[in-house]
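Everything on this sheet refers to the single structure shown next.
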Amino acid sequence: MSMKYISTRGGMDPIGFQEAVLTGLAPDGGLLLPQELPETSGHLKDWSQLSYKELAFEILRLFVDIPDGDLQNLIEQGYKKFRHNEIAPLVKVDDFYVQELFHGPTLAFKDIALQLLGPLFSYILEQRGGELNVLGATSGDTGSAAIHGLRGRKHIKIFVMHPRGRVSPLQEKQMTSVLDENVFNLAIEGNFDDCQNIMKSIFGRSEFKKSYSLGSVNSVNWARVLAQMVYYFYATFRAQGGDIEQKVQFSVPTGNFGDILAGYLATRMGLPIEQLILATNENDILSRFFNSNEYSTRQVVSTLSPSMDIQVASNFERYLYYRVGSDPHKIRSLMEDFSKRSRIDIAPLAPGEEVISAANSNTTQTLETIRKYKTNHAYLLDPHSAVGVHVAERKRIAGIPLVCLATAHPAKFSQAIIQATGEEPHHPILDALKDAPTRCENLPNDEVAVRQYLQENIKLT
Ligand SMILES: *Cc1c(COP(=O)(O)O)cnc(C)c1O
């Protein structure tokens, strides 16, 4: 019997994995979760010796309805563009580990999930027939990881809107230099909210959405969370140094709660994690929640770690589901409350019950952290990873191996690095983009124009 998926809000009959991947958001507005999380404690000893891809296979096969041989194939394809043979290697820095999640094509952690999602989508569409036209809006990072994940894939086209002239020149280049025929970059004459509003209103037209097979690859897609679980297992085995009982702690630079959710689920599956340190920048809704049990939104401010500049963390509902005892009725009423009052209050857990602890790092602390590790340990952190390391310094439990997740290569955020160290970091992939040819369509800030563009470029058969 293969795993079935349910909605956090309870309003959906259980569905299989392939359908869950295509569905994204549940029809009742909830998020998809496996009906039951598998217990992995009994496997840890055997798994501790596996390579990254072998481990990915063992973990993913617990969750999917795909034959083993096909799954192995998908994992091979998904990770073939990584430039490090360990995929997500650990580096010893000072007395802890940094796990580098940025060896994929766009030099950021989203590649770990989105590189796998490309072949997975193609495979599912081949099994079930049909095509998929992904529409997205980006302020930078996710758009380029999605484009690189889906470029050249059969049965798939991807349309990504970005606010014209308002994403960093480097991020724009990373997107528009992808010339594959199935990739469409749309520069919208407006800001990021305008792009998101266009996307929402197009997705709100259910007839249009259906006839043009529109879908998305946003961070709530279950396959993305699943792919991210693997590196927690991989890092735990290495940080344990041979003792599979040894507990480990992680520090996770957090925005939409997708990365740390994967660690939380791994903990629930029996991986010996003592603590997950949730690190935010000045946009600290999540660290406020974990310190005061109150989830309330404020204005988003721009920081040096833009991929963590969020207001509402889209994956948080999955955590809440477990937090309220897997009760979909409670989730439904909490989320209704939230949409009315923009806040959620829930009772605190008993001391020692919560595996997540949280704090934030401000701009000064983040810059200081980058400078300090460069000077004292010859290791260059990007501003997102530096937020995680700074918060870990304050929150770590002594005597327990610590892994700090590094979510981007420093050369992607060179302005912050120059500010911190006075030196400009480089990466050959990014340097090569300077002279790369580009393709991009300029469109007005107008839903009708975007819809027309989609119609012209998606040929109905
Ligand atoms: C997306 C992203 C994050 C935040 O991850 P979430 O899953 O949204 O919490 C952190 N750092 C970088 C570089 C990212 O791209």
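The values are calculated or read from the model by the stated rules, or taken from the named source; none is laboratory data. Small disclaimer: the values here were computed from a predicted structure and weren't measured. Positions of Cβ are generated from backbone atoms using ideal geometry, with glycine treated the same way; all protein chains shown enter the neighbour counts.
Filtered by the rule that a residue be under 21 Å from the mean Cα position of the chain (by Cα) and either part of a loop (DSSP other than H, G, I, E, B) or closer than 19 Å to Gly104 by Cβ (or both), region 162-171 gives Val167, Ser168, Leu170, Gln171. Of the residues making up region 42-100, those that are surrounded by 16 or more Cβ atoms within 10 Å (Cβ to Cβ) and among the small types (Gly, Ala, Ser) are Ser48, Ala56, Gly78, Ala88. When region 112-136 is limited to residues that are under 15 Å from the mean Cα position of the chain (by Cα) and either buried (at least 24 other Cβ atoms within 10 Å of the Cβ) or in a helix (DSSP H, G or I) (or both), the one that is farthest from the ligand (Cβ to nearest atom) turns out to be Gly118. Taking the criterion of being at pLDDT 95 or above and either under 25 Å from the mean Cα position of the chain (by Cα) or within 16 Å of the ligand (Cβ to nearest atom) (or both), the residues of region 241-256 that qualify are Lys247, Val248, Gln249, Phe250, Ser251, Val252, Pro253, Thr254. Across region 83-111, the number of residues qualifying as within 19 Å of Thr369 (Cβ to Cβ), outside any strand (DSSP E or B) and within 14 Å of the ligand (Cβ to nearest atom) comes to 3. Screening Asn185 with (1) under 23 Å from Gly140 (Cβ atoms); (2) in contact with a Gly (Cβ under 8 Å, 6 or more places away or on another chain); (3) away from the ligand (no atom under 16 Å from the Cβ) gives one miss only, at (2).
Apart from one condition, Leu271 fits all of (1) more than 16 Å from the ligand (Cβ to nearest atom); (2) in a helix (DSSP H, G or I); (3) at pLDDT 95 or above; the exception is (2).
For region 21-36, a residue qualifies if it is surrounded by fewer than 17 Cβ atoms within 10 Å (Cβ to Cβ) and modelled with pLDDT of 95 or more, and the qualifying residues are Gln35, Glu36.
Quick check: anything in region 416-430 within 16 Å of the ligand (Cβ to nearest atom), closer than 16 Å to Leu107 by Cα and not in a helix (DSSP H, G or I)? Scanning region 416-430 turns up at least one residue that is within 16 Å of the ligand (Cβ to nearest atom), closer than 16 Å to Leu107 by Cα and not in a helix (DSSP H, G or I).
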